[in-house]
Amino acid sequence: MKIGSHRTRRGADATRKPTLAVFKLASCDGCQLAILDCEDELLALSGAVEVANFAEASRAIQKGPYDISLVEGSVTTPHDAERIHEIRRQSRTLITIGACATAGGIQALRNFTDVAELARAVYASPDYLSTLSKSTPIVEHVFVDYQLRGCPIDKRQLLEVLTAFLHGRKPAVSTASVCLECKRRGTPCVMVAHGTPCLGPVTQAGCGAICPAYDRGCYACFGPAETANTASVATLWGAMGAAAPDLVRAFRTFNAAAEPFRRESELHERTPG
């Protein structure tokens, strides 16, 4: 993929390379590792931008402002709730990457229970903790220029998004479902072929339909598709023998707090079974 050589236009700085910063909030670092996994493409990327702040890759840190900031992780502490505003002020373009940053992540399971009770069960001295009752996506706190989904993100989509912003165009990232990816790679539908429950019909494409290619149902790593008919999929799962608790667990994984998944999981949580 061609990255290009965009230059900023600010008087004497007209020939300098745009600066790129990468930040982490509450997350597992998987999306940052996906950046490093770009391997050969990193050479082209480093030629197009100046990596000014990326603690996962280098201790060399330059002060902002930054032309593009990538932020991984959800907001789960008062400190990060303040920090994301500072990052926003320092960023001309803010792109959130991964399920944690775009939907609260797996840690958003706290949103469905009592955080204080969890803290008492896990920590010997929970009074020392400073945490929020909910894990929330970054867009609930500041304006976000673009949200890139996935757990982790797909490096091809990441490169497309960065290339698009460097060239001043809209990213060409598919909003279709995983089912389309199965069709493209010639993978038989696991629900039709052997009755395996799958979330592919309600999940946004991006992974290349990895799980169905190995006869496993989709786990919805990339979150809800643009028009996710979760009720229809839940009905199909029920016909395959899935009970209400199975559906709750299915919709409460990497993107548990994403609105279509949250709504469907709460519906079945109230259903006996």
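Observations, loosely collected:
- Under Karplus coefficients 6.51, -1.76 and 1.60, residue-wise ³J(HN,Hα) of segment 122-131 in Hz, glycine/proline x: 9, 10, 5, 10, x, 5, 7, 6, 10, 9
- Degrees separating the helix 78-89 axis from the principal Cα axis of the chain, which is the longest one: 50
- Taking GluC sites (Glu not before Pro) in DSSP loop conformation with at most 11 other Cβ atoms inside 10 Å as exposed sites, the chain has its longest uninterrupted site-free stretch at 40-225.
- Given the chain, longest segment not containing exposed loop chymotrypsin sites (Phe, Trp or Tyr not before Pro) (DSSP; at most 10 other Cβ within 10 Å): 1-142
- Stretch gain in nm, segment ARG169-THR113, where the contour uses 0.36 nm per residue and the Cα spacing is subtracted: 16.0 nm
- Near LEU180: Cβ cut-off under 15 Å, other residues only, Lys/Arg at +1 and Asp/Glu at -1. The net charge is 0.
- Distance between the modelled labels on ILE210 and SER46, one decimal in nanometres: 2.5 nm (7 Å Cα→Cβ projection).
- Restricted to Cα atoms, the chain shows a radius of gyration and a Dmax of 20.2, 68 angstrom.
- Sparse packing (at most 13 other Cβ atoms within 10 Å of the Cβ) combined with a DSSP loop state is found for the following trypsin sites (Lys or Arg not before Pro) in segment 49-132: ARG59, LYS63.
- The GLU259 and THR15 beta-carbon pair, evaluated with R₀ = 51 Å, returns a calculated FRET efficiency of approximately 0.70.
- Segment 198-273: radius of gyration over Cα atoms, expressed as a fraction of 2.2 N^0.38 Å: 1.02
- Calculated on C-alpha atoms, the gyration radius of segment 14-112 divided by its Kirkwood radius gives an Rg/Rh of 0.99.
- Annotation for segment 132-201: trypsin sites (Lys or Arg not before Pro) lying in DSSP loop with at most 16 further Cβ atoms inside 10 Å of their Cβ are ARG169.
- Length added when fully stretched, ARG83-GLU39, from 0.36 nm per residue minus Cα-Cα: 12.8 nm
- Each DSSP beta bridge with both residues in the chain is either parallel or antiparallel, and the antiparallel ones are about 20%.
- Above-threshold pairs, the threshold being 21 Å between Cα atoms, out of LYS24/LYS170; LYS17/LYS63; LYS63/LYS155; LYS24/LYS155: LYS24/LYS170; LYS63/LYS155
Values in this text are rule-based calculations from the coordinates and carry no lab data. As the structure is a prediction and not an experimental result, all values here were calculated from the model. Neighbour counts run over all protein chains shown; Cβ positions are idealised from the backbone, glycine included.
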